[in-house]
Structure formats: structure tokens, C-alpha cells
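These notes are about the structure you will find just below.
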Amino acid sequence: MKLTARNTHRDIAYFYVGLILSFSLSGIFLNHRRSWNPTHYTVDKKEVHIIPFAKDSVNDAFVNNFVREQNLDDNLRGYSMDGNSLRISFEKNDVEIDLTNGNGTIVTYGAAPLITQMIKLHKDTSKWWIYFSDSFGIAMFTLGLTGMFIEKGKLSFKSRGWKLALIGLLFPLLFLFLLS
């Protein structure tokens, strides 16, 4: 087989297609994680009611008793008071209770299957993954270069592609300067 820009471009794309699709989707999800975080989204919301009490009576024993009563089998991160509101934070649950009336909610979080794993790949920094990820970066660079030389004639990089490439370069530069 003859080594051409087209063949190189095609074969690299075939080899990395899974990672290209995975990184594309997980990148989009990471960009919008403030709107919807697939690794931490609401699975269930349960209303609770306890006997109202004074906020100065909140302590470790009170929180531990509440956890037992609610059968919350989760790792406790901590608790805090905000005015008359008690907030208890867990790995997979958040609790908020209004101490004046005893009404509250327990929100349970979960992770979206497959999407969460793609995001973990996108953010992974383990030693072996770094090398594969670096090879992917080099492959993307190569795809960009070889893509410029695939077409000939009126649709070539030399004829019109450079204009689109220039516009494509201006967008990240513009955002870079606007966000700095």
C-alpha cells in the first residue's frame, strides 16, 4: 500500500475512532457540567419530617442518630448550619432540613452509566493512560496535517481550505484573548 496523506489519515482515524467519539461526547458533557453533571445527577428526592428542634442542639450524635433513623448507608462527609437550615452531606446523598418546622429533603445522586466512564477516561492521569493519550494527541495533530493534503484542485487546502483553517484558528484565539 502506498503511503499517502489520504491513507495515513484514514488509518489513523480508523484506529482512534472509539477514542475520538468518546472524547467528543465526554468533552461536551464536561463543558456543560454546571447544567447537568452526569457523574452526579438527582436519582431520587424524598421528603422527610422530624420534630423541630433548636439549632444549638445539632451535634455529631444528633447527625449520627438521624442517619440511622433514615437508613442512610452512605459515607458522611460532614454537616453545616445555614441560619435555621441543617445541611448534611454524603457521597451519594444530600440532606437539608428546616429546623423551625422539621421539614426537609433527602436528595440521592447517581452516575449515568457509560457517560461517567467516558468522562473518567477524559480526565484520567494515570501513567499508562497518559502515554496512550499523548499518542492520541499526536494522532490528532497528524489528522489535521494530513487532512490538509487529501483534496486536490478547487477544493484543496491551497485553493480554499486555508481560508476555513484561518477562520477556525481565529475562534480559539479570540476566546483566549476575551477570557484572559
- Note on the structure: Residue-normalised 222 nm signal for the chain, counting each DSSP H run of n ≥ 4 as -39,500 (n - 2.57), nearest 500 deg cm²/dmol, is -16000 deg cm²/dmol
- Long pairs among Lys55/Lys92; Lys2/Lys154; Lys2/Lys158; Lys120/Lys152; Lys127/Lys158, criterion Cα-Cα beyond 30 Å: Lys120/Lys152; Lys127/Lys158
- Check: C-alpha center the stretch 115-146 vs C-alpha center the stretch 7-50, spacing in Å is 15 Å
- Task: Would you look at the GNM of the chain, springs on alpha carbons closer than 10 Å, and say which of Leu86, Leu155, Leu121 moves the most?
- Result: Leu155
- Give me the angle, in degrees from 0 to 90, between the Cα long axis of helix 127-147 and the longest principal axis of the Cα atoms of the chain, rounded to the nearest 10. 40 degrees
- Candidate cut points under trypsin sites (Lys or Arg not before Pro) in the stretch 120-180, DSSP loop plus at most 13 other Cβ atoms within 10 Å of their own Cβ, are Lys152
- Note on the structure: Along the stretch 12-24, Karplus-curve 3J(HN,Hα) (6.51, -1.76, 1.60; θ = phi - 60°) to the nearest Hz, with x for Gly and Pro, reads 5, 4, 4, 5, 9, 4, x, 6, 4, 5, 5, 5, 4
- Between helix 162-179 and the chain: long-axis angle, C-alpha atoms, 0 to 90°, nearest 10: 30 degrees
- Task: List every residue whose amide H lies under 5 Å from the amide H of Val43, counting only residues 5 or more places away in sequence or on a different chain, with H placed 1.01 Å from N in the peptide plane.
- Result: Thr108, Tyr109, Gly110
- Could you tell me which label, among (i) 32, 20, 16; (ii) 26, 21, 15; (iii) 54, 19, 13, carries the value of semi-axes √(5λ) of the Cα gyration tensor in Å calculated for this structure? (iii)
- Report the chymotrypsin sites (Phe, Trp or Tyr not before Pro) located in the stretch 1-49 that are in a DSSP loop and have at most 14 other Cβ atoms inside 10 Å of their Cβ, or state none. Trp36
- Query: Picking from Gly168, Gly147, Gly78, which is most flexible by a Gaussian network model of the chain using Cα springs under 10 Å?
  - Reply: Gly168
- What is the spin-label model distance, in nm, from Leu145 to Thr4 if the labels are put 7 Å beyond Cα along the C-beta direction? 1.9 nm
- Label points 7 Å out from Cα along the Cβ direction at Lys45 and Met81: separation in nm? 2.7 nm
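Where a number appears in this text, it was derived from the coordinates with a stated rule and is not lab data. Just so it is clear, the structure is predicted and the values come from calculations on it, not from any experiment. FYI the Cβ positions are ideal-geometry reconstructions off the backbone, even for glycines, and counts take in every protein chain you see.
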